[in-house]
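For reference, the structure discussed in these notes is given below.
The values are calculated or read from the model by the stated rules, or taken from the named source; none is laboratory data. What you see is a predicted model; the values in this text were computed from it and never measured. A quick note on method: Cβ atoms are made from the backbone with ideal geometry, for glycine too, and the neighbour counts reach across all protein chains shown.
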């Protein structure tokens, strides 16, 4: 997997001050996407041990609330396989920090993704490590700059743990 960018001190992609990893690769190609350069799976730099160690170091300060995964799309099958071991490592190293993720795919309350073409052996384990998932394709005709943590009104900000626990989608109030 490649990544397009690592942002430290990001306040736009989740609550609090965060570290954001923009992965490369997205097959959705939403019209009006803010990060179309990251559609290309080859764009950016390799997500190697040095990049992972760098992110872990950035996450260490107490004022960092957590990690955000976005892109591209973290739930492209290739990206899931690379992200799962890393997210496990983040969760083990920083259990007090939250993990947010943005995807164009649709979350199901049983901990999966609606679109079967992206279901892998990593999908459910990766989702189970997340705290918040913002799901749904960006739809330019539904764009609303007043929305928190969403680009278009069809997207949802989901409390993953409560959703899986209850078997129903639980939206997070933002």
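Here are some notes:
- Hey, residue 117 farther than 21 Å from residue 53 by Cβ, part of a helix (DSSP H, G or I) and out of contact with any helix residue (DSSP H, G or I) (no Cβ under 7 Å at 6 or more places or on another chain) or not: yes
- Filtered residues of segment 134-154 (kept if under 17 Å from residue 26 (Cα atoms) and within 17 Å of the chain's Cα centre (by Cα)): 134, 135, 136, 137, 138, 151
- With respect to the conditions (1) under 18 Å from residue 114 (Cα atoms); (2) out of contact with any helix residue (DSSP H, G or I) (no Cβ under 8 Å at 6 or more places or on another chain); (3) surrounded by fewer than 17 Cβ atoms within 10 Å (Cβ to Cβ), residue 159 falls short on a single one, namely (3).
- Matching option when the condition is surrounded by 20 or more Cβ atoms within 10 Å (Cβ to Cβ), touching a residue at least 24 places away in the same chain (Cβ under 8 Å), part of a loop (DSSP other than H, G, I, E, B) and under 14 Å from the mean Cα position of the chain (by Cα), among 130, 126: 130
- Selection of segment 61-76 for residues being surrounded by fewer than 17 Cβ atoms within 10 Å (Cβ to Cβ) and either under 15 Å from residue 6 (Cα atoms) or touching a residue at least 12 places away in the same chain (Cβ under 8 Å) (or both) yields only 63.
- Checked against (1) surrounded by 20 or more Cβ atoms within 10 Å (Cβ to Cβ); (2) modelled with pLDDT under 95; (3) within 27 Å of residue 60 (Cα to Cα), residue 113 passes all but condition (3).
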